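K.L.:
Okay, here's the structure, questions in a sec.
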Amino acid sequence: MPDTERSLQDALGRVAGAPDMPALGRLAEEFLGKTGIVGKLLASIPSLPPAERKEAGLAANRLKREIEAAIGARREALEEAALASERAGEGFDPTLPAAKPRRGSLHPVTRVQRELEDLFTSMGWLVLDGPEVELEHYNFDALNIPRDHPARDTMDTFRCDAEGKLVMRTHTSPVQVRAMERLKPPFRAIVPGKVFRNETKDASHEHTFHQVEGLAIDRDLSVGHLIGAMKTLLRGIFGRDIEIRLRPGYFPFVEPGFELDARCPFCQSGCSVCKQSTWIELLPCGMVHPNVLKAGGIDPEQWTGFAFGLGLSRLTMLRYGIDDVRLLLSGDLRFLEQFA
Ligand code: DAH
């Protein structure tokens, strides 16, 4: 026992005199590691006469606790000393502001999306969501696009299973039918969301982009209501009245269907955005086809609807003068930080 006591005193003395953290670390290893004094004491226990084992075990544990406590105390003292000397140093200025955490910012698409949500909710529209992996039924069939319909070819679809029953939605229009199934008419809703096409990427094509679907169901809706809603939408987006025109456009889920053009908000007599035409093709829209109402469980004899599909990615690009759609989902901070 005197031997152990001596080793302990020796260890405590060396710990107390450790000049810095690395030295303290080495002492901890030396004393508490497998081959240190505690380890050796523990290892010797099995070879002792049974009557002495208990006491040896207790002694080893006491030794360990005391050395650990001494190391802890020395560590604290060293840390305090380091801090004190740093504070006493010339470069220390306690009045300097703390380093600021880096702040993120909203993605430009999210900004425009939120503006549109504010605009539509202020007019009593709902904001709905739908699945990005969608049943073929909602993405195509219920929208009056049966399997053999050539309109399927206009949307290069990512298929998620061998039979093609599950697809990455190619547009937000499937949520029209999901909404009809869930909500009692009359109702009005927009559906912002991501859509996916198996496209070759270039400055104006991406495999993933954003749309905002709009759907209004009520009695006796006409093209006049559609035009009124679209004018309000444009006033909200551009902050003033914008002249529009409708051209016929074909989409199987609307009849009649239109392409809506807006007078270029950026020029009077032609610019690069409107390709010198003074009109920009803004969104397709139309009156909901009776077959689609039926697919959503709504009686087309009693109810009517209009719908539109706004290219949210495109609108964001127009809004901020972004000339390459691939930037939007690039995750490139040099691009994103411009919107902070
Ligand atoms: N879903 C169509 C597309 O992505 C766009 C569209 C056209 C949506 C006409 C509509 C609409 O709601 O009425 O190409």
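Only the coordinates and a few stated rules stand behind these numbers; no lab work does. Because the structure is a prediction, the values reported are computed rather than measured. Methodologically, a virtual Cβ is constructed for each residue, glycine included, from the backbone with ideal geometry; neighbour enumeration extends over all protein chains shown.
K.L.:
How long are the semi-axes of the ellipsoid equivalent to the range 12-94, from square roots of 5 times the Cα gyration tensor eigenvalues, in whole Å, largest first?
P.N.:
With the √(5λ) rule applied to the range 12-94, the semi-axes are 38, 11, 7 Å.
K.L.:
Sticking with this one: Can you work out ³J(HN,Hα) from phi for every residue in the range 19-36, in order, using Karplus 6.51 cos²θ - 1.76 cosθ + 1.60 and θ = phi - 60°, giving whole Hz and x for Gly and Pro?
P.N.:
Couplings: x, 7, 4, x, 5, 5, x, 5, 5, 4, 4, 5, 8, 9, x, 3, 9, x Hz.
K.L.:
Can you give me the relative contact order of the range 56-211 as a percent, contacts being Cα pairs under 8 Å and 6 or more apart?
P.N.:
Details: 150 pairs, mean separation 31.2, N = 156.
Once normalised by length, the contact order is 20 percent.
K.L.:
Hey, got a sec? Which GluC sites (Glu not before Pro) in the range 118-178 land in a DSSP loop and have at most 11 other Cβ atoms within 10 Å? Intermediate values should be presented prior to the final figure.
P.N.:
Values: sites: E132, E134, E136, E163; in loops: E132, E163.
Of the GluC sites (Glu not before Pro), the ones in loops of the range 118-178 whose Cβ has at most 11 other Cβ atoms within 10 Å are E163.
K.L.:
Work out, in µm²/s and without decimals, the Stokes-Einstein translational diffusion coefficient of the range 224-340 at 20 °C, 1.002 mPa s, Rh from Kirkwood over C-alpha pairs.
P.N.:
Values: Rh = 16.1 Å.
Rounded, D is 133 µm²/s.
K.L.:
I'd like to compare 319-326, 298-305: which one has the highest average count of other Cβ atoms within 10 Å, and what's the full order after that?
P.N.:
298-305, 319-326
K.L.:
Determine the gain in length on full extension of the stretch S85-T200; use 0.36 nm per residue of separation and subtract their C-alpha separation, reporting nm with one decimal.
P.N.:
35.2 nm
K.L.:
Still on this structure, please answer the following. Amide H of W279 versus every other amide H placed in the peptide plane: which residues, excluding those fewer than 5 positions away on the same chain, fall under 5 Å?
P.N.:
Distant-sequence amide H within range of W279: C264.
K.L.:
Run the lone-cysteine check on the chain: no other Cys C-beta under 4.7 Å from the residue's C-beta.
P.N.:
C160, C285
K.L.:
So which trypsin sites (Lys or Arg not before Pro) in the range 8-67 end up in coil per DSSP with only 15 or fewer other C-beta atoms within 10 Å? Before the final figure, lay out the partial values.
P.N.:
Details: sites: R14, R26, K34, K40, R53, K54, R62, K64, R65; in loops: K34.
When the trypsin sites (Lys or Arg not before Pro) of the range 8-67 are filtered for loop state and at most 15 Cβ neighbours within 10 Å, K34 remain.
K.L.:
Viscosity 0.890 mPa s, temperature 25 °C: what is the translational diffusion coefficient of the range 140-281 from Stokes-Einstein with a Kirkwood Rh over Cα pairs, rounded to a whole number of µm²/s?
P.N.:
The estimated diffusion coefficient comes to 141 µm²/s.
K.L.:
Just for the Cα atoms in the range 49-135, what are the lengths along the principal axes, largest first, rounded to whole Å?
P.N.:
That works out to 87, 54, 22 Å along the principal axes.
K.L.:
Mean residue ellipticity at 222 nm from the helices of the chain, using -39,500 (n - 2.57) per DSSP H segment of n ≥ 4 over the full residue count, to the nearest 500 deg cm²/dmol?
P.N.:
-12500 deg cm²/dmol
K.L.:
Amide H to amide H, which residues 5 or more places from F258 or on other chains are under 5 Å from it, using H placed in the peptide plane?
P.N.:
Those lying under 5 Å, H to H, from F258 are G249, C285, G286.
K.L.:
Report, by chain and number, residues whose modeled amide H sits under 5 Å from the one on L166, excluding near sequence neighbours (fewer than 5 apart, same chain).
P.N.:
E136, C160, D161
K.L.:
Tell me the Rg and the Dmax, in Å, that the Cα atoms of the range 289-340 produce.
P.N.:
Cα only, the range 289-340: 19.0, 54 Å (Rg, Dmax).
K.L.:
At 10 °C and 1.306 mPa s, grab the translational diffusion coefficient of the range 121-170 from Stokes-Einstein with a Kirkwood Rh over Cα pairs, rounded to a whole number in µm² per second. Could the numbers behind the result be given before it?
P.N.:
Working: Rh = 12.1 Å.
Roughly 131 µm²/s, to the nearest whole number.
K.L.:
Let me ask something else. Convert each backbone phi in the range 193-198 into a coupling constant with the Karplus relation 6.51 cos²θ - 1.76 cosθ + 1.60 (shift: θ = phi - 60°), then list the ³J(HN,Hα) values in order as whole Hz, x for Gly and Pro.
P.N.:
x, 8, 10, 9, 9, 7
K.L.:
Oh, and also: How long is the gain from L333 to R62 if the chain were fully straight, where each residue apart is worth 0.36 nm and the alpha carbon distance is subtracted? Don't jump to the answer; show the numbers that get you there.
P.N.:
Values: separation 271, 0.36 × 271 = 97.56 nm, distance 5.67 nm.
That pair, L333 and R62, stretches by 91.9 nm at full extension.
K.L.:
Which residue, chosen from F258, L166, V212, occupies the Cα position most advanced towards the positive end of the dipole of the range 158-289, where the dipole is computed from +1 (Lys, Arg) and -1 (Asp, Glu) charges on Cβ about the Cα centre?
P.N.:
V212
K.L.:
Could you list the square roots of 5 times each eigenvalue of the Cα gyration tensor of the chain, that is, the equivalent ellipsoid semi-axes, sorted largest first and rounded to whole Å?
P.N.:
Rounded to whole Å, the semi-axes are 73, 29, 18.
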